[in-house]
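Okay, so here's the structure we're looking at.
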Amino acid sequence: MKKNAKSNPHTMELVQALRKASREHDAPIWRDIAIRLEKPNRSYAEVNIGKISRYAKDGETLLIPGKVLGGGVLGISVTVAALNFSDAAQTKITDANGRCMSIEELMAANPSGSRIRIMR
């Protein structure tokens, strides 16, 4: 049976980098995200700002293996790392004194993967 590879080269490189970081830093969180990103695009997480506001705590770091959407209101300051952000979501996070970053930036800033919450 033929295994289908991702057609997006950025995603393929990211999955390889996540697996490498998992091995080098003994951080199972990166392997978990790599496995989630290997699945079809339609199974990626799509998280609204309202869900982040409900479940996250002030100052927390969140990792979303998919896209952050702009539905809802954010009243807390959080750091959010995701594969993609909508323009509205990016604006709402930065307006709440939060930070938007890519998964690669989060890997570089926190190689051990400690104190990160995964949201779906």
Whole-Å semi-axes of the chain's equivalent ellipsoid (Cα gyration tensor): 25, 17, 11
When DSSP assigns beta bridges and you keep just the ones with both residues in the stretch 46-90, what percent turn out antiparallel, to the nearest 5? 0
At 1.4 Å probe size, with every protein chain present, just tell me what the per residue accessible area of the chain comes to in Å². 59
Would you work out what percent of the accessible area of the chain, with all protein chains in place, is carbon or sulfur (probe 1.4 Å)? 47
Note to self: Kirkwood Rh of the stretch 63-112, Cα pairs, one decimal, Å, is 11.0
Grab the chain and count how many Lys pairs have their alpha-carbon atoms under 28 Å apart, sequence gap of 8 or more, or different chains. 17
Between the Cα axis of helix 28-38 and the main Cα principal axis of the chain, the angle (0 to 90°, nearest 10) is 80
Quick one: compute the contact order of the chain, relative version, from alpha carbon pairs under 8 angstrom and 6+ residues apart, as a percent. 23
Using only Cα atoms, tell me the angle between helix 9-25 and the longest principal axis of the chain; keep it within 0 to 90° and round to the nearest 10. 90
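The values are calculated or read from the model by the stated rules, or taken from the named source; none is laboratory data. What you see is a predicted model, and the numbers here were worked out from it, not measured in a lab. These area figures cover heavy atoms from the full protein model, side chains too; ligands, DNA and RNA do not enter into them. Shrake-Rupley method; radii C 1.70, N 1.55, O 1.52, S 1.80 Å.
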